[in-house]
1. More than 24 Å from Phe169 (Cα to Cα), in a strand (DSSP E or B) and open to solvent by less than 20 Å² (accessible area, probe 1.4 Å): is that true of Ile112 in this structure?
2. Of the residues Lys141, Lys165, Lys119, Lys208, which single one is under 16 Å from the mean Cα position of the chain (by Cα), over 23 Å from Asp68 (Cβ atoms) and surrounded by fewer than 24 Cβ atoms within 10 Å (Cβ to Cβ)?
3. Report whether or not Asn58 is within 27 Å of Glu27 (Cβ to Cβ), out of contact with any Gly (no Cβ under 7 Å at 6 or more places or on another chain) and assigned to a loop (DSSP other than H, G, I, E, B).
4. In the set Arg29, Arg91, which member is part of a loop (DSSP other than H, G, I, E, B) and closer than 25 Å to Asp201 by Cα?
5. Just the residues that are at pLDDT 95 or above and either in a loop (DSSP other than H, G, I, E, B) or in contact with a Gly (Cβ under 6 Å, 6 or more places away or on another chain) (or both), please, taken from region 163-186.
6. If you take the residues of region 49-76 that are under 15 Å from the mean Cα position of the chain (by Cα) and among the polar types (S, T, N, Q), which of them is surrounded by the most Cβ atoms within 10 Å (Cβ to Cβ)?
7. Going residue by residue through region 126-144, is there one that turns out to be more than 20 Å from Leu35 (Cβ to Cβ), touching a His at 6+ places or on another chain (Cβ under 8 Å), assigned to a loop (DSSP other than H, G, I, E, B) and not polar (S, T, N, Q)?
8. Quick one: Lys50 ticks every box in (1) closer than 28 Å to Val149 by Cβ; (2) outside any loop (DSSP other than H, G, I, E, B) bar one, so which box is it?
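The values are calculated or read from the model by the stated rules, or taken from the named source; none is laboratory data. What you are looking at is a predicted structure, and each value in this text was computed from that prediction instead of being measured. Because the Cβ atoms are built from the backbone with ideal geometry, glycine has one as well, and the counts that use them run over all protein chains shown. Accessible surface areas use protein heavy atoms only, side chains included; no ligands, DNA or RNA. Shrake-Rupley method; radii C 1.70, N 1.55, O 1.52, S 1.80 Å.
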Amino acid sequence: DNTLLDNPIRFATMSGTYGNITIDGCEIRNYEKSLVAEVSGMLGVIESVKINNSIITNILTNGADGIDIRKSLLKKLTLTNSTFNNVAAARDFIRVDNDGSTTHPGNVNISIENCTLYKVSNTSGKRLLYVRFKTNTIAVKNTIIAETVATFTNQSATSQPECSKNNYFNAPNFIAPAVPASGVKYDISGNHTTLDPQFEDAAAGNFKVKNPNVNVGDPRWID
């Protein structure tokens, strides 16, 4: 009936303890709210969420964020070898928001590696990473971030992302300008590039890289 469902994955108990959630080799598209979310007010513990070798398209985030865990402890989030196309275009891509350390002491670990992110959080003032859990470690490596006006983060509680060999195309706010914006964190690796990947047909979801000088991103698109 053309009514979109809210979430493909939603943790639904107020104080649940969850193990390891894996999405592998999937295509997920056209959801109204989040890719991964918790029930409002949940104070649970999630061991890990891993998304690998998958294509995620049109997660609309109406009233939500892309990966939206606000009060629970998500110990580990890993995104690898995957494409995220038009995910959270008007919201934050990854939100691990509340400092739940008094309820759940521990570290939040987030890793994005060998991914293609296209028009993710493509709204001024929005963030790839909105992480305010007291202790967090973040790595973003070998990833294409393209066609977005977002930043990594402007949150003091979000740790400096460890970046390596990322390519930012038409994504200017991930690289420090001459006068950096207050509170914004940038790629300080010194080994990033800003090349046009020359996608085959991004509008049709074909992110095959035709620029031979770009060899990062989701491996499915690289010869």
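1. Answer is no for this residue.
2. Result: Lys141 is the single residue among Lys141, Lys165, Lys119, Lys208 that is under 16 Å from the mean Cα position of the chain (by Cα), over 23 Å from Asp68 (Cβ atoms) and surrounded by fewer than 24 Cβ atoms within 10 Å (Cβ to Cβ).
3. no
4. Arg91
5. Result: Lys165, Asn166, Asn170, Ala171, Ile175, Val184, Tyr186.
6. Among them, the one singled out is Thr61.
7. Within region 126-144, none of the residues are more than 20 Å from Leu35 (Cβ to Cβ), touching a His at 6+ places or on another chain (Cβ under 8 Å), assigned to a loop (DSSP other than H, G, I, E, B) and not polar (S, T, N, Q).
8. (1) is the only condition that Lys50 fails.
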